[in-house]
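Following: one structure in structure tokens, then a few remarks.
The values are calculated or read from the model by the stated rules, or taken from the named source; none is laboratory data. Remember, predicted model here, so these are calculated numbers, not experimental data. Note that each Cβ is placed from the backbone with ideal geometry, even for glycine, and that neighbours are counted across all protein chains shown.
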């Protein structure tokens with residue numbers, strides 16, 4: 001049985017997701033964050049669809065279970081391409097966009113194949129459902145690895161775009177919390193009824209909230225303050241050499 005807090009998270013998430021969509025639609029940088037906007041649009045539709053299924057069939061119904069897990073898998077796949085979009089931005093100057101796209105398709109296919117191989121020996125009656133759940137879980141773990149690799153590239157390449165850095169950080173926190181939640185459920189199934197059940201709604205609210213803050217408060221042209229500090233000695237050195 002769901003309580004007021006469950007519905008509160010659902011309504012809050014829907015409002016924030018819609019806000020992010022509006023922010024991106026009116027932004028001049030719409031195409032730069034196209035994959036993110038598609039994900040947010042999908043999140044709005046999924047939230048509405050899950051709420052409708054919940055109200056009509058109940059949280060313990062088979063229909064709601066199908067709607068929840070299948071739409072969650074679609075959202076996770078969409079978020080996977082958001083990561084690839086961030087990779088393209090970080091490596092844009094290297095001209096490797098084509099390779100990033102092919103790598104994303106191959107990695108997604110490999111994750112789906114691995115998930116199928118894991119569940120193929122399970123009872124066939126629920127094979128499709130188990131495959132969807134297994135693939136979502138595996139994509140969360142792959143997302144954690146990809147996000148931390150991306151963060152390493154950001155540090156290595158001395159990326160200074162504040163908005164991009166904060167978007168990546170929020171995504172890393174989201175994937176880490178979801179992957180940790182899945183891992184703890186597998187290790188300690190009894191925790192599901194307690195605090196672990198709050199991991200998905202909290203993480204699902206945090207991500208659009210962090211992105212909404214970033215698009216509202218951080219302008220596209222903003223750069224890290226450390227980059228300015230790093231430029232000052234260089235300017236002073238140049239002035240000293242000219243003198």
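At a glance:
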quantity: Members of region 107-121 found to be loosely packed, with under 13 Cβ neighbours inside 10 Å and at pLDDT below 80, listed by number; calculated: 117, 120, 121
quantity: Residue that is at pLDDT 80 or above and exposed (fewer than 14 other Cβ atoms within 10 Å of the Cβ), where the choices are 166, 221, 236; calculated: 221
quantity: Test for residue 67: is it crowded, with 17+ Cβ neighbours inside 10 Å, in contact with a helix residue (DSSP H, G or I) (Cβ under 9 Å, 6 or more places away or on another chain) and within 23 Å of residue 136 (Cβ to Cβ); calculated: yes
quantity: Test: residue in region 128-146 that is part of a helix (DSSP H, G or I), more than 20 Å from residue 185 (Cα to Cα) and at pLDDT below 80; calculated: yes
quantity: Test: residue 181 is surrounded by fewer than 19 Cβ atoms within 10 Å (Cβ to Cβ) and part of a helix (DSSP H, G or I); calculated: no
